[in-house]
Amino acid sequence: MSLDLLTLILLAVFLVSAVGVVLVGFWVYRRGPASRQQERLARFVSPIVEEEHTAHQREILVLTNRDIGKLRDWINRSLGILSSENLQIKLSSAYWAVTDTEYIILRVLAIAAGFLLGWQIPGNILGGIFLGAVALMLPPIMLDRAIAQRQKKFHNQLLDVLVLIQGAVQAGYSLMQALDLAVDEVPAPASEEFGRVLREIRLGISMEGALLNLAERMDNDDLQIVVTAIIINAQVGGNLSTVLEATITTIRDRLQLMGEIRSLTSYARYVGNFLSLMPFFAGIAIFIINPSFFDTVTTSIITQIIFVIAFLGVIIGNVWIRQIVKIKV
């Protein structure tokens, strides 16, 4: 097989992969929470004269979504062997509108696209390997970051939600009614997560199982205290309002202690970030003063190895400092 034919085949595979990634990303964007909210708003604010046209558009949209849903079902059934319970929990924690099988397929397509793009643009297979490695590592990093951000937002909302639930229970609401009230009154992600709890209970999962699933998704110590207190109260009986009040007091004390610890360790975090960024600032300054100083980077393997080792050392040092000042409460 000639080199030109091989290049054409690789370019064709790259184009197909890129189109697939774009289409899936567009579908996820269209079916996101913001799009559904805009669709509901448009349903009530559209002019009457455009009612027939809007209905036709909705019919086309329903048919398109139905076809895409059938395609997704077929993919998930055919490639169900790739499914992973741990990955399902992670995607559920991040609230991403993809299944674990679809996530794996997207990663494979991104790796292939990155490899071909890095190979074709610089004309060197090392560039393809580098971009392929970046495409391999980037999705898990994005997933972990999305999970961490969502868990942090939930943690910041937890105390307010508990106060609302405790007040509702004290006013005579049942726990289910109090959770339903919290879903209506608090913003995301707390409303989405407690809405999941209610849906799981209505589908037949016990209250204990639904709350434990919530604690597993959010991985929050304060939430674990709340879930444990509610489960114990459901098993042995007692005044739920009093239990929630004591739990709220405990969480407030923990938040105050965590704030003091964060204040005391702020200097160490600042030093860690400064030491991590200082080599890059020094390199930029040297490049501005003497651009030819880094000429050997493109020609010397030893210099490239030294740069890689230095970069890894900076990352390891930053992580090490963060772990030192990370104190569990």
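The values are calculated or read from the model by the stated rules, or taken from the named source; none is laboratory data. Quick caveat, the model's predicted, so the values are computed rather than measured. Every residue, glycine among them, receives a Cβ derived from its backbone with ideal geometry; neighbour counts consider all protein chains shown.
Can you go through 160, 222, 184 and tell me which one is of a type in the set (D, E, K, R) and touching a residue at least 40 places away in the same chain (Cβ under 8 Å)? Talk me through it step by step, then tell me what you get.
Details: 160 fails: touching a residue at least 40 places away in the same chain (Cβ under 8 Å); 184 fails: touching a residue at least 40 places away in the same chain (Cβ under 8 Å).
That would be 222, the only listed residue that is of a type in the set (D, E, K, R) and touching a residue at least 40 places away in the same chain (Cβ under 8 Å).
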Considering (1) loosely packed, with under 15 Cβ neighbours inside 10 Å; (2) in contact with a Pro (Cβ under 8 Å, 6 or more places away or on another chain), say which one residue 154 fails and leave the rest. (1)
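Scan the stretch 274-329 for residues that are assigned to a helix (DSSP H, G or I) and basic (Lys, Arg) and report the count.
Counting residues in the stretch 274-329 that are assigned to a helix (DSSP H, G or I) and basic (Lys, Arg) gives 1.
Mind checking whether some residue in the stretch 276-292 is within 27 Å of the chain's Cα centre (by Cα), under 28 Å from residue 156 (Cβ atoms) and among the hydrophobic types (A, V, I, L, M, F, W, C)? Show your work before the answer.
At the first step, the residues of the stretch 276-292 found to be within 27 Å of the chain's Cα centre (by Cα) are 276-277.
So of that shortlist, the ones also under 28 Å from residue 156 (Cβ atoms) come out as 276-277.
Checking which are among the hydrophobic types (A, V, I, L, M, F, W, C) leaves us with 277.
Checked the stretch 276-292: at least one residue is within 27 Å of the chain's Cα centre (by Cα), under 28 Å from residue 156 (Cβ atoms) and among the hydrophobic types (A, V, I, L, M, F, W, C).
Scan the stretch 237-244 and tell me whether some residue there is among the hydroxyl-bearing types (Ser, Thr, Tyr), under 21 Å from residue 190 (Cα atoms) and in contact (Cβ under 8 Å) with a residue 24 or more places away in the chain.
Within the stretch 237-244, the first condition is being among the hydroxyl-bearing types (Ser, Thr, Tyr), and the residues that meet it are 241-242.
Right, trim to under 21 Å from residue 190 (Cα atoms) and you get 241.
Still in the list and also in contact (Cβ under 8 Å) with a residue 24 or more places away in the chain: 241.
For the stretch 237-244, residues among the hydroxyl-bearing types (Ser, Thr, Tyr), under 21 Å from residue 190 (Cα atoms) and in contact (Cβ under 8 Å) with a residue 24 or more places away in the chain: present.
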Report the residue count in the stretch 199-209 for those that are more than 11 Å from residue 231 (Cβ to Cβ) and either of a type in the set (Gly, Ala, Ser) or crowded, with 16+ Cβ neighbours inside 10 Å (or both). 3
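Considering only the stretch 231-285, state which residues are of a type in the set (Ser, Thr, Tyr) and surrounded by 15 or more Cβ atoms within 10 Å (Cβ to Cβ). Full working, then the answer.
Filtering the stretch 231-285 for residues of a type in the set (Ser, Thr, Tyr) gives 241-242, 247, 249-250, 263, 265-267, 270, 276.
Once the filter is applied, which keeps residues that are of a type in the set (Ser, Thr, Tyr) and surrounded by 15 or more Cβ atoms within 10 Å (Cβ to Cβ), the stretch 231-285 yields 241, 247, 265, 276.
Kindly provide the set of residues from the stretch 286-326 that are among the polar types (S, T, N, Q) and surrounded by fewer than 11 Cβ atoms within 10 Å (Cβ to Cβ), ordered by number. Walk me through how you get there before you give the answer.
Pass one, the stretch 286-326, residues among the polar types (S, T, N, Q): 290, 292, 296, 298-300, 303-304, 318, 323.
Residues satisfying the conditions are 290, 292, 298, 299, 323.
Which ones in the stretch 165-216 are of a type outside the set (S, T, N, Q) and in a loop (DSSP other than H, G, I, E, B)? Talk me through it step by step, then tell me what you get.
So the first thing to find is which residues in the stretch 165-216 are of a type outside the set (S, T, N, Q), and the list is 165, 167-169, 171-173, 175-176, 178-190, 192-205, 207-212, 214-216.
Correct list: 171, 172, 173, 186, 187, 188, 189, 203, 204, 205.
Kindly indicate whether residue 220 is over 25 Å from residue 188 (Cβ atoms) and surrounded by 16 or more Cβ atoms within 10 Å (Cβ to Cβ). It would help to see each step written out before you state the result.
Values: over 25 Å from residue 188 (Cβ atoms): no; surrounded by 16 or more Cβ atoms within 10 Å (Cβ to Cβ): yes.
It is false that residue 220 is over 25 Å from residue 188 (Cβ atoms) and surrounded by 16 or more Cβ atoms within 10 Å (Cβ to Cβ).
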Determine whether residue 200 is touching a residue at least 24 places away in the same chain (Cβ under 8 Å) and closer than 24 Å to residue 86 by Cα. no
If I filter the stretch 209-238 down to residues being touching an Asp or Glu at 6+ places or on another chain (Cβ under 9 Å) and polar (S, T, N, Q), which single residue comes out as modelled with the lowest pLDDT? 235
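It is to be established whether one or more residues within the stretch 162-182 are within 22 Å of residue 258 (Cα to Cα), modelled with pLDDT of 90 or more and not charged (D, E, K, R). Give the steps one after another, and end with the answer.
Taking the stretch 162-182 first, the residues within 22 Å of residue 258 (Cα to Cα) are 162-163.
Going one step further and asking which of them are modelled with pLDDT of 90 or more, we end up with 162-163.
From the residues that got through so far, the ones that are not charged (D, E, K, R) too are 162-163.
Within the stretch 162-182, one or more residues are within 22 Å of residue 258 (Cα to Cα), modelled with pLDDT of 90 or more and not charged (D, E, K, R).
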